[in-house]
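Asker: Please read through the structure below; I'll follow up with questions.
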Amino acid sequence: MTRTVRVQPRLWRIYRRMNLAALTEEESEDGDPLGLGSLEGRTRLAWETYSRGGLEHALRAYGTLERLEARGLGKLSVSLDRSDPYSPTIVVRSDLFTAPVVEASLRQVSGRQLGLGRSVGDSPLLFLELLLLQNPGKQFDWHRPPLPGQQFPGLNLSGEAIQLLLLMAKRVGAEGMVLRPSSFHAAWAYSRHFLFVDGAAQVRFEALRRDPRLRPLWLLSWALELGCVRSGVERVTWTPDLMIAPLDARLAGAVSSAVRRAALRRGRRRTYRFDLRCLRRRFPWERMPAPPVPRTVQELLRPPQGSV
């Protein structure tokens, strides 16, 4: 039986003690303290709950901004882009870099819009369209090589960031959060709290991440991106299937449907392997860190001369 999501007790305690009035407060702009003089003033709250100042208040209450600043990211500021009123975007920037440190875009949807079935068709959900966590002040190395889609190394803060977004979803009255992970490594980060709605997709993901032959995991992410994983003769690539984190018992029950359980049982026999010939031909050496390349990577991928 699928359970509702749980977060760290520390974060939950802070969430429960949060001053709700502070979440809607915003700095006064000009002579219109009520914000009634413009369309933007009437839509100033993201998801009908958070102002820009309220988001910064929450991130400081959880200690997240302080933890980021302690990593040498300089002075941080929080902005709220409401140019698309249906999908506001939270952005955290550093005074040291042009590129953002954190960016998250979310929109409100219903279970019906996502085809989740009649029992939860009216369930309010928050759809995470984008989550970016990066340190523009760091460079990749062979301890942490770049993953598909990455421009800078991550922040090692994905677990906390995901839990804060789940608490945000709960705060705005959503019964769950949904997303489509763009890569295997993104799904890996989300998998502690999210499950694939499609049972077959969940089985495939579990088989990929648990197979000790598909290591290291960063290479598995690249192999799926490049179409260099096989199951028998079939070529396997990454598919961004829908994942869900239930915050309500009704939604959790729907995820544990009989159809899903049957798919989970049927899908357990497939095995996967690297297509090494494909991987050695397509591997993006131009994006990798400077030499020396670790011996284990050399033996597996046989880098071209000059890349070692």
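Here, each number is a calculation from the coordinates, and none is a lab measurement. Since the model is a prediction, treat every value here as computed from it, not as a measurement. FYI the Cβ positions are ideal-geometry reconstructions off the backbone, even for glycines, and counts take in every protein chain you see.
Asker: For segment 52-65, take each phi angle, set θ = phi - 60°, evaluate the Karplus expression 6.51 cos²θ - 1.76 cosθ + 1.60, and give the result in whole Hz per residue in order, putting x for glycine and proline.
Answerer: 4, x, x, 5, 5, 4, 5, 5, 6, 4, 6, x, 5, 5
Asker: Which far-off residues, 5 or more places away or on another chain, put their amide H under 5 Å from the one on Asp275, with H placed in the peptide plane?
Answerer: Counting only residues 5 or more places away or on other chains, the set is Val229, Arg230.
Asker: When every alpha-carbon pair in the chain is counted, what percent end up more than 38 Å apart?
Answerer: Pairs farther apart than 38 Å: 22 percent.
Asker: When the Karplus curve 6.51 cos²θ - 1.76 cosθ + 1.60 is applied with θ = phi - 60°, which whole-Hz ³J(HN,Hα) does each residue of segment 221-232 get, with x for Gly and Pro?
Answerer: 4, 5, 4, 5, 4, 8, x, 10, 10, 10, 10, x
Asker: How much length, in nm to one decimal, is gained on full extension between Asp241 and Arg82, taken as 0.36 nm per residue of separation minus their Cα-Cα distance?
Answerer: Difference between extended and current length: 54.5 nm.
Asker: I've got another one for you. Run the dipole for segment 9-301 about the Cα centre, Lys and Arg Cβ at +1, Asp and Glu Cβ at -1, nothing else charged, and hand back the magnitude in debye, nearest 20.
Answerer: In debye, rounded to 20, segment 9-301 gives about 2080.
Asker: Roughly speaking, what is the centre-to-centre gap between segment 57-89 and segment 226-257 when only Cα atoms are used, to the nearest Å?
Answerer: Cα centres, segment 57-89 to segment 226-257: 30 Å.
Asker: Additional query: If amide hydrogens are placed 1.01 Å from N in the peptide plane, which non-local residues have theirs closer than 5 Å to the one on Ser256?
Answerer: The answer is Thr2.
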